Structure formats: structure tokens, C-alpha cells
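To start, the structure itself, in C-alpha cells.
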Amino acid sequence: MNDAVKEDIRDRAIDAGAVRCGFAACGPVSAAARRLYDDWIAAGRQGSMEYCGRYAEQRADPRLLLDGAQTVISCAFAYGYRGHDGCIVSEYARGLDYHTVLRRRLEDIGRYIEDTYGGQTRALVDTAPMRERYWAVEAGLGYVGVNNQLIIPGIGSRVFLGELLWTGRVEPDEACSAKCRGCMACVRACPGHALDGEGGCDARRCLSYLTIECRDALPPDISLGQGCYGCDVCLRVCPEGNIYPGGALPEFAPRPEVTSLTAEQLQSMGSGAYKRLVAGSAMRRVPLPRLRYLASLLAASTAPD
Ligand code: SF4
Ligand code: SF4
């Protein structure tokens, strides 16, 4: 199919709220990318996220996620809103759950593609074994920094990624050739020393993993710092990633009940208030007893001597 098709689909994605949309030929990920991932798993750096080790073949070749897929359409949706610097919840989780928000928008784009150009599509939002950042780079959106985050030139890292697999074919965009400037501000600032300076991250020492995925006690040498849920430090210190691009979706506007939340409130929160807090939010991933535990650590670390 010709460039006009691609530009029409890209326009449709932008109309649906994406800040960037790119196209890559669907096929196996590069041998180097597969090796990097396999080495990360073999070293146990995924911690207790056992799902990271499952479905290796699908993760290495998304054609196994949609029969006959020829194209990966990678879309980035902005979530960054300024303000609320003292909030104890990571920026990405202050609004509504991105899984629901992006899926709805991607499925709308997918229906348009099927109706207009034929073929089949499948929308993916962090729920299938898909190398999202790898495909975003292949589709020309941006590059992966030493902080392990996707950095979109001029837009930064405050984006969620979603993909459409499509059985139709268009000319792929050029992969992004920009590189991280390697200033190492993220490595120096990381509270858990999780970043190895070469693009690798040991989840077992990363506060995003430790506060959201992990259910064990925190390593005694890692302090929670600012928050109870997630960590934005390596994004905020990055000169290329710390950009508020505009165009953040209204669904991601910070909810007042989240931005006003304190560690003390969380510590004494009952199940009714918890249900109201996490309804429709990515925060529901963390059960109340775990949030209470994290809140007690945060309160202790910020208490005056
Ligand atoms: S999210 Fe926080 S803990 Fe994890 S790598 Fe970035 S700075 Fe380190
Ligand atoms: S802080 Fe520096 S080294 Fe780290 S990702 Fe950003 S530009 Fe790269």
C-alpha cells in the first residue's frame, strides 16, 4: 500500500490522541535485542515478575500474536501534567488506568483500518508479550535511554505506548537512529542503584518494581524517597526525557484524591476508601496491605529525627 495510506492512518492515530505514530515491518526482533532480554532473564534481574520469562517465542516474533501480521503500528500517548511535585504516586498512575484508555483508542483506530483498508488488526497495551520499546524504536518514534525508558526527541518520556498489529502492509518508517547522550544523570540519581549505565536495569533494585510488582520486604539499603507507588526519578533528571510535550489525554489528568494522598492516610485507610481510590486506576495493582506497608516505610523515612 502506498504512503497516502500510511499518512491517513497516522492522521487517524493523531486524531485519536496519539502524539506520535510509526510503522515497522512485523517480524522477529533482532538477535541482539533477543539476547539482551534473554540475558536479563537469565541473570534473574526481573525479580518475581515470572510473566517476563513466559511466551519467549511470541515476545521474539509478534507474528505469533496475530496470524498473518505484517505491520506493527506503534503509537505514543502523552500523560504528563505539570504540578503536584509532592505527590506520593508516580505520575503515570495519577489519572485513569492507561490500559483501558489506550485500548479503547487503539481499537477505534484498528476498526477504521479494517473498514477502510481491510485485513485484521489486534490492539496491544502492555498485556501481551510485546517488546514495546523495541518496536517504538523500529517504528521511528524514539530511542531507549540509559534509564531504560523510551525517549521521543522533543517529546520526552511521559508517554504510554500501545501497538496495533495489522495483517496489511505499508512501507516501514525508518528506525530511530538518535542515541542517548549518556550524561549518566539517571544512573547517579537512581535511589536503588538499579541502572548499570549501559541501558540495563535490575528490577530487584528499582523502586518501580519494588513498590508495584514485588510483595517482599524492601532491601534495607533502599529508601523510598518521595513516594509509595512507583518512581519517576530517572525520568525527571533526564534532560531529554523530562519534557511535558502537551497533548496529554484528559483521562490522565491527575485525580485530586490521588494528588492529595498522604502516607498517613494510606496507613490508616480502610477497604472502602481503598476501593474508591483505586477504582479505574492502575493503582489497583497494589493491594491495600502492601500500600499500607509502603506508606509506613515512607512515613518513617520522612519523620523528623
Ligand atoms: S524508576 Fe527509580 S528506582 Fe527505578 S531505575 Fe528509575 S530512578 Fe532507579
Ligand atoms: S539522564 Fe542522561 S544518560 Fe540517562 S537517559 Fe537521560 S540522557 Fe541518557
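Every residue, every condition in (1) under 17 Å from A78 (Cα atoms); (2) outside the structural domain of Y51 (by TED's automatic domain parsing); (3) within 16 Å of ligand 1 (Cβ to nearest atom), yes or no:
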{"residue": "T100", "(1), (2), (3)": "yes, no, no"}
{"residue": "L106", "(1), (2), (3)": "yes, no, no"}
{"residue": "I113", "(1), (2), (3)": "no, no, no"}
{"residue": "G118", "(1), (2), (3)": "no, no, no"}
{"residue": "R122", "(1), (2), (3)": "no, no, no"}
{"residue": "T127", "(1), (2), (3)": "no, no, no"}
{"residue": "Y134", "(1), (2), (3)": "no, no, no"}
{"residue": "V144", "(1), (2), (3)": "yes, no, yes"}
{"residue": "N148", "(1), (2), (3)": "no, no, yes"}
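Output yes when any residue across the stretch 173-187 is out of contact with any strand residue (DSSP E or B) (no Cβ under 9 Å at 6 or more places or on another chain) and hydroxyl-bearing (S, T, Y), and no when none is. Scanning the stretch 173-187, I find no residue that is out of contact with any strand residue (DSSP E or B) (no Cβ under 9 Å at 6 or more places or on another chain) and hydroxyl-bearing (S, T, Y), so the answer is no.
Inclusion of E174 among residues that are among the charged types (D, E, K, R) and touching a helix residue (DSSP H, G or I) at 6+ places or on another chain (Cβ under 9 Å) is not warranted. In the set (1) assigned to a loop (DSSP other than H, G, I, E, B); (2) surrounded by 24 or more Cβ atoms within 10 Å (Cβ to Cβ), A136 fails one condition alone, (1). Please enumerate the residues belonging to the stretch 133-158 that are within 16 Å of ligand 2 (Cβ to nearest atom) and either aromatic (F, W, Y) or more than 27 Å from E198 (Cα to Cα) (or both). If the condition is that a residue be within 16 Å of ligand 2 (Cβ to nearest atom) and either aromatic (F, W, Y) or more than 27 Å from E198 (Cα to Cα) (or both), then Y143 is the only one that fits. Scoring M130 on the criteria (1) away from ligand 2 (no atom under 16 Å from the Cβ); (2) over 18 Å from G17 (Cα atoms); (3) in a strand (DSSP E or B) leaves a single failure, condition (3).
So that you can scan it fast, the table gives a plain yes or no per residue for (1) in the same structural domain as D97 (by TED's automatic domain parsing); (2) within 19 Å of W40 (Cα to Cα); (3) surrounded by fewer than 20 Cβ atoms within 10 Å (Cβ to Cβ):
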position	(1), (2), (3)
E171	no, no, yes
C176	no, no, no
C180	no, no, yes
A194	no, yes, no
C201	no, yes, no
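The one condition from (1) assigned to a loop (DSSP other than H, G, I, E, B); (2) away from ligand 2 (no atom under 16 Å from the Cβ); (3) in contact with a Gly (Cβ under 7 Å, 6 or more places away or on another chain) that Y209 does not meet is (1).
May I ask you to list the residues in the stretch 112-127 that are more than 13 Å from the chain's Cα centre (by Cα), at negative phi and in contact (Cβ under 8 Å) with a residue 40 or more places away in the chain? Listed by number, the residues that qualify are Y112, I113, T116, Y117, Q120, T121, R122, A123.
Filtering the stretch 203-252 to residues that are surrounded by 17 or more Cβ atoms within 10 Å (Cβ to Cβ), under 30 Å from D15 (Cα atoms) and aromatic (F, W, Y) leaves only F252.
Just so you know, in the stretch 164-177 the residues that are within 30 Å of V233 (Cβ to Cβ) and within 20 Å of the chain's Cα centre (by Cα) include one that is farthest from ligand 1 (Cβ to nearest atom), and it is A175.
Pick out the one residue from E163, E198, E171 that is within 13 Å of ligand 2 (Cβ to nearest atom) and in contact (Cβ under 8 Å) with a residue 40 or more places away in the chain. Result: E198 is the single residue among E163, E198, E171 that is within 13 Å of ligand 2 (Cβ to nearest atom) and in contact (Cβ under 8 Å) with a residue 40 or more places away in the chain.
Beta carbons closer than 6 Å, at least 6 apart along the sequence or on distinct chains, pair a first residue in the stretch 227-244 that is in contact (Cβ under 8 Å) with a residue 60 or more places away in the chain and away from ligand 1 (no atom under 12 Å from the Cβ) with a second that is among the small types (G, A, S) and assigned to a helix (DSSP H, G or I) for C228/A295. Among the numbered conditions (1) on the phi < 0 side of the Ramachandran plot; (2) within 16 Å of ligand 2 (Cβ to nearest atom), the only one that G227 does not meet is (2). For the stretch 178-204, the set of residues classified as more than 24 Å from A136 (Cα to Cα) and within 7 Å of ligand 1 (Cβ to nearest atom) consists of A189, C190, P191, G192, listed by residue number.
Is at least one residue of the stretch 253-276 touching a residue at least 40 places away in the same chain (Cβ under 8 Å), more than 16 Å from ligand 2 (Cβ to nearest atom), within 23 Å of I152 (Cα to Cα) and crowded, with 18+ Cβ neighbours inside 10 Å? The answer is yes; a qualifying residue exists.
The values are calculated or read from the model by the stated rules, or taken from the named source; none is laboratory data. Keep in mind that what you see is a predicted model, and the values were worked out from it rather than measured. We place every Cβ from the backbone using ideal geometry, glycine too, and count neighbours over all the protein chains shown.
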